[in-house]
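Beneath this line is the structure, given in structure tokens, with notes to follow.
The values are calculated or read from the model by the stated rules, or taken from the named source; none is laboratory data. Quick caveat, the model's predicted, so the values are computed rather than measured. When we count neighbours, we look across all protein chains shown, and the Cβ atoms used for this are built from the backbone with ideal geometry, even at glycine. Accessible surface is based on the protein model in full, side chains and every heavy atom, while ligands, DNA and RNA are left aside. Shrake-Rupley method; radii C 1.70, N 1.55, O 1.52, S 1.80 Å.
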Amino acid sequence: MDLPPSASDIAFEQFLQELPEDYDPLAREFKAFCRPRKIKNPAQLMQVVMSYCGLDQVLREVAGTFTLLEEAISDTAIHKRLKACLPWVKALLTQMMGEGMERLIEGNLRLVVIDGSTVQGPGASGTWYRLHIAIDLVKLHLIHVEVTDKYQGERLDYYPLQDGDVVLIDRGYNQPSQLLEQGAKNVCVVLRYNPHGMGLFDDHGQKIDWSQQLKDCSGDNCCVPARVAHEGQYLEGWVHASRLPEEQAAQARRRVRANAKKKGRTAQAKTLLMAGWVLVFTTVAPEILSTTVIAALYRVRWQVELVIKRLKSLLDVDQLRAREGSALASLYLHGKLLYAWVVERRARRRCGETWMRLDGPRQATWWRVWKLIKQEVAIMI
């Protein structure tokens, strides 16, 4: 005779309802769950995964918790079962992230902010993994997170961008090949331009001298048509230049001089001139987004930093305890992101899709809501 479900089973059922409906067959398809032994079904296996990844229990704690709730199991057995779960967890995470990528209404724009962050284990002297994160700037929702090793740099093709997206990106993306690739998909960019990292050209194919352009700019703002060129292909765009306030410009010039001095050089007059300006390259026409609007958009790009801070400070995504390059390290990061997506989904449902929109009066921040829902989810697990 089967025993009635325990209170812990009922609580965890709420967590399972947040996952894709096919989590059970996917566990069998990806060989995470092959046959029942001590772990009787994919639901129990997910509980083990979330204990390790979501609640940050060490292997011995996971084994002890499972022994208390179900039956005796060793930490070695837990280790073996967890190593097989990575493809399954990746598939579930991909499905949950895909729900936020519905097709846009034709003629509408979506503002997407992209940034990266690093993860390393305790006592590490350098980066182990990188997280590549995209959020909706208006709704402040997570759209996509990609996990790579430390050797992979920032790339726009990590993200499922689509026609109508306007991507706000930093200086690390001054890469012509990537900009042309996204332009072919009608994805627009708003990029902090680095004249030393990427040359831009005028209509006659001549490289633009930005120091001269800024000298000729009589006001505090100007917009200059410019082209990105790569292997005979061109991408039309504009550079919006905004003059910094005098105090901020002076600080920027001091940094330029200090960096040059460290290298035994003297800062050039051109470099000091450009330090007093913010240059933003965009492929969105000025009739749609003016220089003033572009500058305002880039100033609120730091919202993605708050998302990264929540992932690290509230959900401890950087508390990696496995060895670099191991199966458990990759499982931990993807499992933690799956846990984060459950928290995000419950927060949206609890507060509503429009509760935290950046284009209206802000009622509160996600910080406290995430903290409370994290506690709820921990109880479920």
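Figures for the structure shown
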quantity: Positive minus negative residues near A32 (Lys, Arg vs Asp, Glu; Cβ under 11 Å); calculated: +3
quantity: Estimated D of the range 140-194 in µm² per second, where Rh is the Kirkwood radius over Cα pairs and Stokes-Einstein applies at 4 °C, 1.567 mPa s; calculated: 107
quantity: Centre separation in Å (Cα based) which lies between the range 256-280 and the range 182-209; calculated: 21
quantity: Whole-Hz ³J(HN,Hα) from phi, Karplus 6.51 cos²θ - 1.76 cosθ + 1.60, for the range 169-174, glycine and proline x; calculated: 9, 9, 5, x, 9, 6
quantity: Flagged links, alpha-carbon separation over 25 Å, of K31/K185; K31/K336; K139/K371; K31/K309; K83/K312; K150/K207; calculated: K31/K185; K31/K309; K150/K207
quantity: Computed magnitude of the charge dipole of the chain (debye, nearest 20; Cβ of K, R +1, Cβ of D, E -1); calculated: 1560
quantity: Accessible area of the range 246-342 belonging to carbon and sulfur atoms, whole % at 1.4 Å probe; calculated: 51
quantity: For A226, residues with placed amide H under 5 Å, excluding near neighbours; calculated: G237, W238, V239
quantity: Low-density loop positions, trypsin sites (Lys or Arg not before Pro), the range 281-381 - DSSP coil, at most 12 other Cβ in 10 Å; calculated: R323, R362
quantity: Of N41, N108, N186, the one that fluctuates the most in a GNM where the chain has Cα springs shorter than 10 Å; calculated: N108
quantity: Relative contact order of the chain, defined on C-alpha pairs under 8 angstrom at six or more residues apart (%); calculated: 19
quantity: Free-standing Cys, the chain [no other Cys Cβ under 4.7 Å]; calculated: C34, C53, C85, C188, C223, C351
quantity: Gyration tensor verdict on the range 295-381 (Cα atoms; rounded if a/c is under 1.5, prolate if a/b is larger than b/c, oblate otherwise); calculated: oblate
quantity: Charged-residue dipole, Cβ positions (Lys, Arg, Asp, Glu), the range 310-362 about Cα centre, Debye nearest 20; calculated: 240
quantity: Lys, Arg +1 and Asp, Glu -1 on Cβ, resulting dipole of the range 55-206 about Cα centre, debye, nearest 20; calculated: 380
quantity: Relative pair counts by distance (%), Cα atoms of the range 130-273, 10 Å bins; calculated: 9, 32, 32, 24, 3
quantity: Selected from Q17, P160, L297, residue furthest toward positive end of dipole (the chain; charges at beta carbon); calculated: L297
quantity: Over the chain: Rg over Rh, Cα atoms, Kirkwood Rh; calculated: 1.05
quantity: Separation between Cα centres of the range 22-69 and the range 296-313, rounded to whole Å; calculated: 33
quantity: CD proxy at 222 nm, helix term only [per DSSP H run n ≥ 4: -39500 (n - 2.57); per residue of the chain; nearest 500]; calculated: -12500 deg cm²/dmol
quantity: Under Karplus coefficients 6.51, -1.76 and 1.60, residue-wise ³J(HN,Hα) of the range 249-263 in Hz, glycine/proline x; calculated: 5, 5, 5, 5, 5, 5, 5, 4, 5, 5, 5, 5, 5, 4, 8
quantity: For the range 248-357: rounded, prolate or oblate by the Cα gyration tensor [a/c cutoff 1.5]; calculated: oblate
quantity: Extreme residue, positive dipole direction of the chain, given options A260, P122, M198 (C-beta unit charges); calculated: A260
quantity: Normalised alpha carbon radius of gyration of the range 23-132 [divisor 2.2 N^0.38 Å]; calculated: 1.37
quantity: Global form of the range 193-281, assessed from the alpha-carbon gyration tensor, a/c cut-off 1.5; calculated: oblate
quantity: Contact order normalised by residue count of the range 46-165, Cα under 8 Å, 6+ apart, percent; calculated: 17
quantity: Ratio Rg/Rh [Cα only; Rh per Kirkwood] for the range 205-255; calculated: 1.08
quantity: Modelled FRET efficiency - R0 45 Å, S290 with D56, Cβ distances, 0.05 increments; calculated: 0.45
